[in-house]
Amino acid sequence: TPQFAAPAEKNYASSGIALKTLVRNDTSFVVQGANGSFNYDWARLSIIDISNPKIPVLLGSYATDSRIVATDIAILSTDIVYLTDGQCEFGMQACIGSLYIIDISNPSNPTLVKKIGLEQTYAKRIEKIHNYLYMISSSYNEGTWASIYEISNLEQPVFVKKLSFSSALYDVNIHGKYAYFSTEDGLHITDVTNLANP
């Protein structure tokens with residue numbers, strides 16, 4: 001039977017909407033950014049110590065250099081986080097987005113390893129497995145698709161392949177040798193035994 005923790009004397013309140021969180025060991029990584037209107041806050045990664053869940057403690061944060069909505073996060077290793085931001089501007093009929101590679105080896109002072117522009121697209125979701133990053137990409141003219149990048153070289157991810165679907169893509173989760181893609185017309189299950197060539 002799930003039990004709620006008792007109200008804490010101290011908590012962590014984000015400065016914008018917390019859009020996604022990943023937990024590793026006693027640390028929570030929170031992506032935040034939108035403030036509930038079209039006046040977006042800076043996309044931000046917050047690193048929070050949750051060893052005592054009733055008293056979360058902010059360890060450090062990293063703010064991106066653009067006022068674009070944060071979209072997702074993936075943990076590459078003990079020291080590296082991938083963060084994406086992006087949006088489509090329908091008035092301009094264009095999309096814009098970036099992939100940020102962030103060094104979190106010092107949680108109190110996360111630092112940027114590299115920022116990669118996504119060229120008229122943005123990543124709605126990302127999933128990391130081994131040396132590959134699966135990215136749900138979106139553009140104004142082409143809709144959505146899955147992009148695969150090889151990421152053994154942190155500073156220079158290499159585009160490997162584009163996977164097209166018959167309807168809009170929303171999310172991806174990889175478990176074992178299968179990738180599960182949620183789309184507008186249902187669930188697509190893809191064999192990713194060969195991650196470079198599903």
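The values are calculated or read from the model by the stated rules, or taken from the named source; none is laboratory data. Here the structure is a predicted model, which means the values were calculated and not measured. Here the Cβ positions follow ideal geometry from the backbone for every residue, glycine too, while neighbour counts run over all protein chains shown. These accessible areas exclude ligands, DNA and RNA; they are computed on the full protein's heavy atoms, side chains included. Shrake-Rupley method; radii C 1.70, N 1.55, O 1.52, S 1.80 Å.
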Pairs where the first residue, in region 156-185, is more than 20 Å from residue 129 (Cα to Cα) and the second is modelled with pLDDT of 90 or more and surrounded by fewer than 11 Cβ atoms within 10 Å (Cβ to Cβ), C-beta under 9 Å, 6+ apart: 167/186
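For region 95-106, what are the residues that are open to solvent by less than 50 Å² (accessible area, probe 1.4 Å) and over 22 Å from residue 144 (Cα atoms)? Reasoning before the result, please.
Of the residues in region 95-106, the ones open to solvent by less than 50 Å² (accessible area, probe 1.4 Å) are 95, 97-104.
Within region 95-106, 101, 102, 103, 104 qualify.
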I'd like the full set of residues that are more than 13 Å from residue 162 (Cβ to Cβ), open to solvent by less than 20 Å² (accessible area, probe 1.4 Å) and out of contact with any Gly (no Cβ under 8 Å at 6 or more places or on another chain), limited to region 108-145. 126, 133
Residue that is nearest to residue 145 (Cα to Cα), among those in region 156-175 that are assigned to a loop (DSSP other than H, G, I, E, B) and open to solvent by 60 Å² or more (accessible area, probe 1.4 Å): 166
Run down 78, 71, 27 and say which single residue is over 13 Å from the mean Cα position of the chain (by Cα), at pLDDT 65 or above and within 22 Å of residue 157 (Cα to Cα). 78
Number of the condition not met by residue 122 [criteria: (1) within 16 Å of the chain's Cα centre (by Cα); (2) at pLDDT 80 or above]: (2)
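Considering every residue within region 179-192, establish whether at least one is of a type in the set (A, V, I, L, M) and part of a loop (DSSP other than H, G, I, E, B).
Yes, there is a match, as at least one residue in region 179-192 is of a type in the set (A, V, I, L, M) and part of a loop (DSSP other than H, G, I, E, B).
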